[in-house]
């Protein structure tokens, strides 16, 4: 009988549900629905995000029902997990995660299975490890059994993380922030500059395509990197000056992503000076083909669909935590 594990994630911009299958060793569902953002806007207030998630949970639930119908009676749900905070740190909180937590709690209670609470960041790291394991051919659980470094770079986050196995029954791994941005996040700048160029929010995919189309010389401004910390706020001003001076959109996009790639490259080198610790790149910004090309010899990348916000990593954590707490595989 196939063992299934459900995951829910309600980040600030995406409603997600996912199902991991033991028989397939993969996801039979990775549903994602972007929350609507008005043209010209740079994001959503939390009250807007919560309301949009509530409206979107019906579609997320229907996606689960359809997937369960496809696999039939030869399967059983063993556990449910959901993201309940941005990070696994005291005081980390965003109201939008309450929607996913309420849905996950209801599902787990109705079918009588355990429900595990994780962080959105943990989900990103787990999804990146799982996806990279398929691309680079390694065992994801073996990878998680030893320390590694992960860069989580997304719309609201730019963190350098030290990840190590956890002794806690409620966690597969512990995460310590060892660096990252001291001001603005890379994804935030991408969206702000992109909206300023007339792109639709979120702007990452379109900006990536523009950057890849640029064949000219990219201006190399100095970086503000000290050890494993960086400052990013000046990048937005420089990009906006290029826009106001009439620079081509593709040139601005290439300048922006090249700058971010060089920052992450320098941070990676500084974070790994003490030894050959493996590096995993996670988060939506790291789905950029332009950035990946620059950094591909420094660490492992996830596929684009498992780099952006998703519940797949959360479903994968549901499996790991179920087994860690004495559950039977299969």
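Among the conditions (1) part of a loop (DSSP other than H, G, I, E, B); (2) free of Cβ contacts under 8 Å to residues at least 24 places away in the same chain; (3) within 18 Å of residue 154 (Cβ to Cβ), the only one that residue 217 does not satisfy is (3).
Taking region 227-330 and the helices (runs of 4 or more DSSP H) fully enclosed by it, the elements with 2 or more residues that are touching a strand residue (DSSP E or B) at 6+ places or on another chain (Cβ under 9 Å) are at 249-271, 289-295, 312-324.
Of the residues 108, 126, 102, which single one is touching a strand residue (DSSP E or B) at 6+ places or on another chain (Cβ under 6 Å), surrounded by 13 or more Cβ atoms within 10 Å (Cβ to Cβ) and modelled with pLDDT of 95 or more?
On the way: 126 fails: touching a strand residue (DSSP E or B) at 6+ places or on another chain (Cβ under 6 Å); 102 fails: touching a strand residue (DSSP E or B) at 6+ places or on another chain (Cβ under 6 Å).
Among 108, 126, 102, only 108 is touching a strand residue (DSSP E or B) at 6+ places or on another chain (Cβ under 6 Å), surrounded by 13 or more Cβ atoms within 10 Å (Cβ to Cβ) and modelled with pLDDT of 95 or more.
Residues that are crowded, with 21+ Cβ neighbours inside 10 Å and part of a loop (DSSP other than H, G, I, E, B) were ranked within region 155-184; the one that is modelled with the lowest pLDDT is 155.
Checking each residue in region 52-75 for being touching a helix residue (DSSP H, G or I) at 6+ places or on another chain (Cβ under 9 Å) and more than 24 Å from residue 122 (Cα to Cα) picks out only 75.
What single numbered condition from (1) surrounded by fewer than 14 Cβ atoms within 10 Å (Cβ to Cβ); (2) within 21 Å of residue 325 (Cα to Cα); (3) free of Cβ contacts under 8 Å to residues at least 24 places away in the same chain fails to hold for residue 137? Condition not satisfied by residue 137: (2).
Taken over region 12-50, the criterion of being modelled with pLDDT under 95, in contact with a helix residue (DSSP H, G or I) (Cβ under 6 Å, 6 or more places away or on another chain) and either crowded, with 23+ Cβ neighbours inside 10 Å or not in a loop (DSSP other than H, G, I, E, B) (or both) is satisfied by 12 alone. Residue check, residue 315 against (1) crowded, with 20+ Cβ neighbours inside 10 Å; (2) touching a residue at least 40 places away in the same chain (Cβ under 8 Å); (3) touching a helix residue (DSSP H, G or I) at 6+ places or on another chain (Cβ under 7 Å), all met but one. Which one? Condition (3) is where residue 315 drops out. Consider residue 199 carefully, then state whether it is in contact with a helix residue (DSSP H, G or I) (Cβ under 7 Å, 6 or more places away or on another chain) and buried (at least 19 other Cβ atoms within 10 Å of the Cβ). Considered against the rule, which asks whether it is in contact with a helix residue (DSSP H, G or I) (Cβ under 7 Å, 6 or more places away or on another chain) and buried (at least 19 other Cβ atoms within 10 Å of the Cβ), residue 199 comes out as yes. Looking for something surrounded by fewer than 17 Cβ atoms within 10 Å (Cβ to Cβ), assigned by TED's automatic domain parsing to the domain that holds residue 224 and closer than 30 Å to residue 8 by Cβ - is there at least one such residue anywhere in region 267-287? Checked against the condition, which is being surrounded by fewer than 17 Cβ atoms within 10 Å (Cβ to Cβ), assigned by TED's automatic domain parsing to the domain that holds residue 224 and closer than 30 Å to residue 8 by Cβ, region 267-287 yields no hits at all.
List the strands (runs of 3 or more DSSP E) inside region 60-154, counting only whole elements, that have at least 3 residues being within 18 Å of residue 32 (Cα to Cα). Let's see the steps before the verdict.
Numbers: elements: 75-85, 115-119, 148-153.
Answer list for region 60-154: 75-85.
Just so you know, in region 51-83 the residues that are farther than 14 Å from residue 6 by Cβ and buried (at least 19 other Cβ atoms within 10 Å of the Cβ) include one that is nearest to the chain's Cα centre (by Cα), and it is 53. Residue 212 satisfies every condition listed in (1) over 26 Å from residue 36 (Cβ atoms); (2) surrounded by fewer than 17 Cβ atoms within 10 Å (Cβ to Cβ); (3) more than 18 Å from the chain's Cα centre (by Cα); (4) without any contact (Cβ under 8 Å) to a residue 60 or more places away in the chain except (4).
The values are calculated or read from the model by the stated rules, or taken from the named source; none is laboratory data. Note that the structure is predicted; figures quoted are calculated from it, not measured. Cβ: placed from backbone, ideal geometry, glycine included. Neighbour counts: every protein chain shown.
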